[in-house]
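The values are calculated or read from the model by the stated rules, or taken from the named source; none is laboratory data. This is a predicted model, so every value here is computed, not measured. Here the Cβ positions follow ideal geometry from the backbone for every residue, glycine too, while neighbour counts run over all protein chains shown. Only protein heavy atoms, including side chains, enter the accessible area calculation; ligands, DNA and RNA are left aside. Shrake-Rupley method; radii C 1.70, N 1.55, O 1.52, S 1.80 Å.
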Amino acid sequence: AARAEQADDSELQHLADTFQILASTTRLRIVEALARGDLCVCDLSAVVGVSESAVSHHLRHLRQMRIVRFRKEGRMAYYRLDDAHVGALFRLGLEHVRE
C-alpha cells in the first residue's frame, strides 16, 4: 500500500530541484520578502541587500522553477510568489528550524 502512494520519479526530481534552488540564503530572503507582497527588482535589492543585477539573476532561476512570477506595469516588472504553496513551504521550513 505504501508503494502505491509513492510519488513518481519525475515528481521527486522536480521537488529535489525546488529544494536545491531554495538552498540559497539570498533566494530565501527574496521569497520571504515576496511573501509579504509584490515588489520590483529595485525594492527587492534594497530589502535583500544585494545588487539589482544579483537579484535579477536569482529571480530568473526562481521563475524557471515556478517559485515566482511577474507582471508588467508599464516599464516596471513586479514579482510575486507563484502561488500560496511557495509561501507555505517557506513558513513551514522556517517553523521547523525555529523549533
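Things to note:
- Hey, residue 23 of a type in the set (A, V, I, L, M) and open to solvent by 70 Å² or more (accessible area, probe 1.4 Å) or not: yes
- Within segment 31-51, considering residues that are among the aliphatic types (A, V, I, L, M) and assigned to a helix (DSSP H, G or I), the one surrounded by the fewest Cβ atoms within 10 Å (Cβ to Cβ): 46
To keep it simple, each residue is scored yes or no on (1) among the β-branched types (Val, Ile, Thr); (2) touching a strand residue (DSSP E or B) at 6+ places or on another chain (Cβ under 8 Å).
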{"position": "46", "(1), (2)": "no, no"}
{"position": "53", "(1), (2)": "no, no"}
{"position": "56", "(1), (2)": "no, no"}
{"position": "68", "(1), (2)": "yes, yes"}
{"position": "71", "(1), (2)": "no, yes"}
{"position": "82", "(1), (2)": "no, yes"}
{"position": "86", "(1), (2)": "yes, yes"}
{"position": "90", "(1), (2)": "no, no"}
{"position": "98", "(1), (2)": "no, no"}
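- Sub-7 Å Cβ pairs linking a first residue in segment 12-36 that is within 17 Å of residue 60 (Cα to Cα) and without any contact (Cβ under 8 Å) to a residue 24 or more places away in the chain to a second residue that is in a helix (DSSP H, G or I) and open to solvent by less than 30 Å² (accessible area, probe 1.4 Å), at least 6 apart or interchain, are 29/48; 33/44; 33/48, ordered by first then second residue.
- For residue 77, the stated conditions do not hold, so it cannot be described as aliphatic (A, V, I, L, M), loosely packed, with under 10 Cβ neighbours inside 10 Å and either modelled with pLDDT under 95 or not in a helix (DSSP H, G or I) (or both).
- Criterion: over 18 Å from residue 82 (Cα atoms) and of a type in the set (Lys, Arg) - qualifying residue of 60, 3: 3
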